[in-house]
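Written below as structure tokens is the structure these notes are about.
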Amino acid sequence: MGAAADPRTVRAKSGGATVVRYLEVVKRYGGFTALAGVTLEVHAGEVVCLIGPSGSGKSTLLRCTNGLETIDGGEIEFEGERLARDERTLRTMRQRMGMVFQSFELFPHLTAQQNVAEGPRTVQRVGNAEADRRATAMLAKVGLADKAASYPSALSGGQQQRVAIARALAMEPDVMLFDEPTSALDPETIGEVLSVMKALADEGMTMVVVTHEMSFARRVGDWVAVFDAGRLVEQGPPDQIFDAPRTERTRDFLGHLGWAG
Amino acid sequence: MTLDWSVVWEHREALAAGTATTFLLTIATMAIAVPGGIAVALLRMYGAVPLRALAAGYVELFRNLPLILVVYWAFYVVPILTGVGLSALATGLAALALNVTAYNAETFRAGINSIRRGQVEAALALGMSRGQALRRIVVPQALRRILPVLASTWVSLFKDTSLVSVIAVTELAYVSMQVRAQTFRVLEMLTAMAALYWLLGYPQAKLVDWMQRRFRVTE
Amino acid sequence: MEFDFRVVADSWRFLAYGVGVTLLLSVVSGVASLAAGFGVASLRLYGPAWVRWPVVLYIDSMRAIPVLVVLVWTFFALPIVSGITMSPFTAALVGLTIHLAAYAAEIVRAGIESVRPGQARAALALGMSRAQVLRRIVLPQAIVRMLPAFGSLLSITIKDTAIASVIAVPELMRQSETVAGQSFQPIEVFTVAMALYFTMLFPVTRGVDAVYRRVAHLGRS
């Protein structure tokens, strides 16, 4: 039973403030229960990886985190405050969270530079000069300074996703939420995106990553949470999850993936 | 059978005036129907529930009625209902505007709905309000899909102005048929009428083709 | 202001006749323009090169000329040129078919061109002849994709029959005009006419939507 118990006693990077706290989070779509009471904490500077079979609720939890989906039960706290229900407060919270989507979702009518500058310009209203400065800096950070004037249609999948990461970073968020960032990419381009994510982690960015890339979770993750059918069946440091899983479900899941360590 | 094509040239001023009226009707109708269509589309997508039903009902109604019937109905019924006597031109314009607004509302709605949800979510995730997301992200993309359809609607409207001839509005079709009645030059005038519409409409149709190629959506 | 629908009730047979003519004209010109449309599209897609430009000219001309003009010319001018006299109904049938076939041809062409070329290649790789590829692989998929546009065209056909009233075809619009003129009660008569047209048209669009939803997966490749 200890698998889903309060994990605050066993943390690799404990001592950091809690950035996101999920408390018995429930989410239903009509008769289908996507999340059946999920409890999880994300501490500052941690990389928390959410793994599990498709449809187990990982992406749903992520989308509830910034209010793209509303929860039906339980609580989500962000930086000590309850996640707002009203649009205006929610918007200010969203500005402190960066989200990267599986399908990149770059705005096709804007160049890479304009995409990255859009958030600071329109939402944070920092002024054109500052917005462009940040955009240039973030594009350089993800290695795409030379593509600033390109439109998304001219970029490869991996490049588009890196621009999407830059776009989220330009908002200077306190946490980055990644929803299967490499699932839609060709194998050749997965590496470049994961490198950017690893560099971010090394800098101390708080990250919640829904992923199927087990080697990434193993090497870069500080905490791994295993989902199945809307529940957290096990959570712990990567060593435990991958080398010595405590539950049947986890072992099954990793076994099906052909995970050999 | 002797043909006398000079009648066409003799009545060129009347025909030119008729052509001008046709253009006037088309332009005036679109001037009403584009903002009107936007308003109805917004009502239908974002309005309070009873307003949504009203907007949807309006669109469904006018898309399922022949325009010529709407023209007659407007001509006979509106004066009685409102007590106001409108000129035939104004009545024709009203009928055309009611009709085209409904089609435009569908065009705008479909255009906006065609933008993937993910785009809106990405905008919201950045902290944009729904209004900002609509204005900065959805509308610019939707316009690319909407403009070619609007152009196509324009061409159809241009042809549909011929229908208000039945209530004696002096656009091109009415004028042509008047001249035919006066001169008894049936073949010449009717052929001239067809040729004039062809000359005016063909370039417009080609322009629409160009627009559809230019704005072709590649995902 | 009072409404008296008795005049409509008294003339119901007259109006019903109009509905019948509307439906007959719609169906016959619909079928004829469908057949002609397939023919024209085939000419454009698979015919000899020299036939292409007259076909394109015909199609684009029908996009430029209003239905009213086509009908009026067919009824009044065509007999002068050809020596053949036609009844109003026949003239309307001919005019509508000529006009609508152009649109049908474009729908057919767009449908066929929208089927992925890989499909044809796969069929040829199996050893099929070009005719077989068209008949068994491309057309079935193309036809599914054409359905919504054809539904829309049917709706337009029914609405265009009302224009035939200007050449005195006794369809519903014309019959309504007559009753309205004789009874001096245009509101009641035209309102009923509107209801009748709506009743005919609404199921067409909804019906096509429903049919398409059922079969759409068959056209996806």
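The values are calculated or read from the model by the stated rules, or taken from the named source; none is laboratory data. Computed from a predicted structure; not experimentally measured. For neighbour counting, all protein chains shown are included, and Cβ atoms are generated from backbone atoms with ideal geometry for every residue, glycine included. What goes into the accessible areas is simple: the full protein's heavy atoms, side chains included, and nothing from ligands, DNA or RNA. Shrake-Rupley method; radii C 1.70, N 1.55, O 1.52, S 1.80 Å.
Going Cα to Cα from B:Lys159, which aspartates and glutamates come in below 14 Å? Please leave out same-chain ones fewer than 8 positions away.
B:Glu171, C:Asp60, C:Asp160
Give, rounded to the nearest 20 debye, the magnitude of the charge dipole that chain B has about its Cα centre when Lys and Arg contribute +1 at Cβ and Asp and Glu contribute -1 at Cβ.
The calculated dipole for chain B is roughly 1100 debye.
Quick one, can you get me the convex hull of the C-alpha atoms of the protein assembly as shown expressed as volume per residue in Å³?
219 Å³
What part of the accessible area of the stretch B:3-95, given as a whole %, is carbon or sulfur when the probe is 1.4 angstrom?
The C+S portion of the solvent-accessible surface of the stretch B:3-95 is 75 percent.
Please name which of A:Met207, A:Thr247, A:Gly236 has its Cα lying farthest along the dipole of the stretch A:186-261 towards the positive end, using unit charges on Cβ (Lys, Arg +1; Asp, Glu -1) and the Cα centre as origin.
Checked the options; the winner is A:Thr247.
In peptide B:148-157, how many Cβ atoms from other protein chains are near each Cβ within 10 Å, on average?
Per-residue shielding by partner chains comes out at 1.
Sorted by average packing, counted as other Cβ atoms within 10 angstrom per residue and highest first, what order do A:130-137, A:169-176 take?
With the highest mean Cβ count within 10 Å placed first, the list reads A:169-176, A:130-137.
Counting helices only, and only those DSSP H runs with n ≥ 4, report the 222 nm mean residue ellipticity of chain C as the sum of -39,500 (n - 2.57) divided by its residues, in deg cm²/dmol to the nearest 500.
About -26000 deg cm²/dmol.
Taking only DSSP H segments of four or more residues, each worth -39500 (n - 2.57), what value at 222 nm results for chain A once the sum is divided by all its residues, to the nearest 500 deg cm²/dmol?
Taken over chain A, the calculation gives -9500 deg cm²/dmol.
Round to a whole angstrom and tell me the spacing of the C-alpha centers of the stretch C:152-216 and the stretch B:1-60.
20 Å
Within chain A, what percent of beta bridges assigned by DSSP are antiparallel, to the nearest 5?
About 55 percent, rounded to the nearest 5.
Would you please put A:148-154, C:96-102, B:209-215, B:116-122 in order of how densely packed they are, using the mean number of other Cβ atoms within 10 angstrom per residue and starting with the highest?
Sorting A:148-154, C:96-102, B:209-215, B:116-122 by mean packing, highest first, produces C:96-102, B:116-122, A:148-154, B:209-215.
Roughly how big is chain A's charge dipole about its Cα centre, with Cβ charges of +1 (Lys, Arg) and -1 (Asp, Glu), in debye to the nearest 20?
I would put it at about 360 debye.
Take peptide B:69-80, look around each residue's Cβ out to 10 angstrom, count Cβ atoms belonging to other protein chains, and average those counts.
5
Report the B-C buried area as the accessible area lost on both sides summed, probe 1.4 Å, in Å² to the nearest 100.
For B against C, buried area totals roughly 3400 Å².
What does the average come to when, for each residue of peptide B:115-124, you count the partner chain Cβ atoms lying within 10 Å of its Cβ?
Across the residues of B:115-124, the mean count of other-chain Cβ atoms within 10 Å is 6.
D for the stretch B:1-61, whole µm²/s, Stokes-Einstein with Kirkwood Rh over alpha-carbon pairs at 20 °C and 1.002 mPa s: what number?
143 µm²/s
Given only helices, namely DSSP H runs of n ≥ 4 each adding -39500 (n - 2.57), what is the per-residue ellipticity at 222 nm of chain B, to the nearest 500 deg cm²/dmol?
Computed ellipticity for chain B at 222 nm equals -26500 deg cm²/dmol.
Sorted by average packing, counted as other Cβ atoms within 10 angstrom per residue and highest first, what order do C:206-218, C:57-69, A:83-95 take?
C:57-69, A:83-95, C:206-218
Using a 1.4 Å probe on the protein chains only, how many percent of the accessible area of chain C belongs to carbon and sulfur?
67 percent
Using a 1.4 angstrom probe, figure out how much accessible area the stretch B:141-219 has per residue, in square angstrom, rounded to the nearest whole.
Accessible area per residue, the stretch B:141-219: 45 Å².
Could you tell me which residue out of C:Gly118, C:Tyr17, C:Leu34 lies farthest along the dipole of chain C toward its positive end? Charges go on the beta carbon: Lys and Arg +1, Asp and Glu -1, centred on the Cα centre.
C:Gly118
What does the charge dipole of the stretch C:154-221 about its Cα centre add up to, to the nearest 20 debye, if the Cβ of each Lys and Arg holds +1 and the Cβ of each Asp and Glu holds -1?
That gives a dipole near 480 debye.
With heavy atoms of protein chains only and a 1.4 Å probe, what residues of the stretch A:148-188 have at least 10 Å² less accessible area in the full set of chains than alone?
A:Arg167, A:Met171
Kindly write out, for the stretch A:23-37 in residue order, the coupling ³J(HN,Hα) from the Karplus curve 6.51 cos²θ - 1.76 cosθ + 1.60 (θ = phi - 60°), rounded to whole Hz, with x marking Gly and Pro.
Whole-Hz 3J(HN,Hα) from phi for the stretch A:23-37: 10, 6, 6, 10, 9, 10, 10, x, x, 9, 9, 7, 10, 10, x.
Would you count, across chain A, every pair of lysines whose alpha carbons are under 22 angstrom apart, provided the pair is eight or more residues apart or spans two chains?
5
May I ask what percent, to the nearest 5, of DSSP beta bridges between residues of the protein assembly as shown are antiparallel?
So the antiparallel bridges amount to about 55 percent of the total.
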